[in-house]
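Got a structure for you, questions after.
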């Protein structure tokens, strides 16, 4: 029997180690394999043969390639060749064919064993079944995509619904406003018209709430921060709520403005919306009684407390009061209506300003208290100038090109603009508007965006290039991207329907100032 050579003596420990490795590998539930330095497989444990149905030695060399799914073969080979060439660890996910023809996902890993000189002596690897996790991950991805698609469809539906609901409200609101200003009408008729206007404004507010919730959900709510007097904001909201209180309501308002510091950095419209939402709820749920407003300062903040002696909040409802669509049960919904979005939006707006809001109630019939805390503005940011009034004085007279294909809206707008002594030319299409601009000179354009022969964006772009005209976009779409699109097209203002003539007059004044 020949004596072992020095090479045999040198390899003997490695062969013994490999034999022990294979004994361990046969007891493992995973597929285990080894390969030579050149990447050719020289061993699979029994688990491989049970799974693939291949006979012993069939998969050795490069025979393993036949069980990899054809869609995964190229990237699997590329990863393996790269690992063998550079001597770096190998990792790849691919589908392996089972003995019955079915494919399952596996994670294959390989690690090089080096000698003292750093040369690769052997590759040791495993293949782990990850099919269930991979399938669950794929199902989760598909569910996420479906949810996102459904969410996009919901947003598009809400935007379209908003447009369709807003458009017919504009002529109703403007007509009511014009009639309300007529002092010749009997008091009871004017009161009915005021009620009509309030209902239209409430409808518009409900539509706005739906869109605000969408903005907040997607993180698209944009705030324009400036120094604001909280007492002024409360006063404006209170004026609106007092005018909306129904005849026959016996509500007494009490205010204690004890805060010596009341300037915050915030968005005027959004913070006024916060106080309007709380006060309007107090009015709604207090048919008779007292609503008390109290302000105070604490820890560089202003605390606003609004309490009422109304219907109160049920203990089980209180923890959910700021949830979207939460209205305190079907009885409350049937009796008082609404969508249950106001307080959810209010909480988001307060938090967006770095503040907090809390609700408290001793129970049904014992009233409710809402407390809003807002951080005070830094001293250096406080303007010494008085806050601008939201009212705008009598505007100058302008030559206006009104482009509106909704005949009731066009008719009311024209009448109100003429009553304000503007000169008005009406067009219902882009072609008519361009023809009018060719024959007359205008100071500004007021245009709907959805026109029969194109969009208002196309129109303002052409009018701006030809005559340097700009103006006001009117639309039932009011998301931030809609406003940005109008500004990019050449409009100075974008008003979301329904609009009041006061808002339109203010916008006309701003456009006129922009032209100067």
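The values are calculated or read from the model by the stated rules, or taken from the named source; none is laboratory data. Everything numeric in this text was worked out from a predicted model, so none of it was measured. Positions of Cβ are backbone-derived with ideal geometry, glycine not excepted, and every protein chain shown enters the neighbour counts.
Can you pull out the residues in segment 109-118 that are more than 18 Å from residue 30 (Cβ to Cβ) and touching a residue at least 24 places away in the same chain (Cβ under 8 Å)?
112, 114
What single numbered condition from (1) in contact with a helix residue (DSSP H, G or I) (Cβ under 8 Å, 6 or more places away or on another chain); (2) under 22 Å from residue 356 (Cα atoms); (3) modelled with pLDDT of 85 or more fails to hold for residue 292?
(1)
For (1) touching a residue at least 40 places away in the same chain (Cβ under 8 Å); (2) in the same structural domain as residue 284 (by TED's automatic domain parsing); (3) under 19 Å from residue 482 (Cα atoms); (4) part of a helix (DSSP H, G or I), each residue gets a yes or a no:
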{"site": "178", "(1), (2), (3), (4)": "yes, no, no, yes"}
{"site": "184", "(1), (2), (3), (4)": "no, no, no, no"}
{"site": "188", "(1), (2), (3), (4)": "no, no, no, yes"}
{"site": "192", "(1), (2), (3), (4)": "no, no, no, yes"}
{"site": "197", "(1), (2), (3), (4)": "no, no, no, yes"}
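I would also like to ask the following. Provide a single number: the residues in segment 403-432 that are part of a helix (DSSP H, G or I) and touching a helix residue (DSSP H, G or I) at 6+ places or on another chain (Cβ under 6 Å).
The number of residues fulfilling the criteria is 5.
Output the number of the condition that residue 148 fails; it satisfies all remaining conditions of (1) touching a strand residue (DSSP E or B) at 6+ places or on another chain (Cβ under 8 Å); (2) within 30 Å of residue 449 (Cβ to Cβ); (3) without any contact (Cβ under 8 Å) to a residue 60 or more places away in the chain.
Here residue 148 meets the rest and fails (1).
Please go through (1) crowded, with 17+ Cβ neighbours inside 10 Å; (2) outside any loop (DSSP other than H, G, I, E, B) for residue 221 and return the number of the only condition it doesn't satisfy.
The one condition residue 221 does not meet is (2).
For segment 489-516, enumerate the residues that are free of Cβ contacts under 8 Å to residues at least 24 places away in the same chain and farther than 25 Å from residue 200 by Cβ.
The answer is 492, 513, 516.
Let's see how each residue does on (1) surrounded by 14 or more Cβ atoms within 10 Å (Cβ to Cβ); (2) closer than 27 Å to residue 209 by Cα:
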| position | (1), (2) |
| --- | --- |
| 250 | no, no |
| 258 | no, no |
| 261 | yes, no |
| 265 | yes, yes |
| 271 | yes, yes |
| 280 | yes, yes |
| 284 | yes, yes |
| 289 | yes, no |
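Collect the residues in segment 51-108 that are free of Cβ contacts under 8 Å to residues at least 40 places away in the same chain, part of a helix (DSSP H, G or I) and within 21 Å of residue 133 (Cβ to Cβ), keeping them in residue-number order.
67, 71, 72, 75, 76, 79 - these are the residues of segment 51-108 that are free of Cβ contacts under 8 Å to residues at least 40 places away in the same chain, part of a helix (DSSP H, G or I) and within 21 Å of residue 133 (Cβ to Cβ).
Residue-wise test of (1) in contact with a strand residue (DSSP E or B) (Cβ under 6 Å, 6 or more places away or on another chain); (2) outside the structural domain of residue 411 (by TED's automatic domain parsing); (3) more than 30 Å from residue 482 (Cα to Cα).
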{"position": "73", "(1), (2), (3)": "no, yes, yes"}
{"position": "76", "(1), (2), (3)": "yes, yes, yes"}
{"position": "82", "(1), (2), (3)": "no, yes, yes"}
{"position": "89", "(1), (2), (3)": "yes, yes, yes"}
{"position": "109", "(1), (2), (3)": "yes, yes, yes"}
{"position": "112", "(1), (2), (3)": "yes, yes, yes"}
{"position": "118", "(1), (2), (3)": "no, yes, yes"}
{"position": "161", "(1), (2), (3)": "no, yes, no"}
{"position": "164", "(1), (2), (3)": "no, yes, no"}
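Now, a different point. When the residues of segment 464-480 are filtered to those that are under 19 Å from residue 512 (Cα atoms) and either outside the structural domain of residue 417 (by TED's automatic domain parsing) or in contact (Cβ under 8 Å) with a residue 60 or more places away in the chain (or both), which remaining residue is surrounded by the fewest Cβ atoms within 10 Å (Cβ to Cβ)?
469
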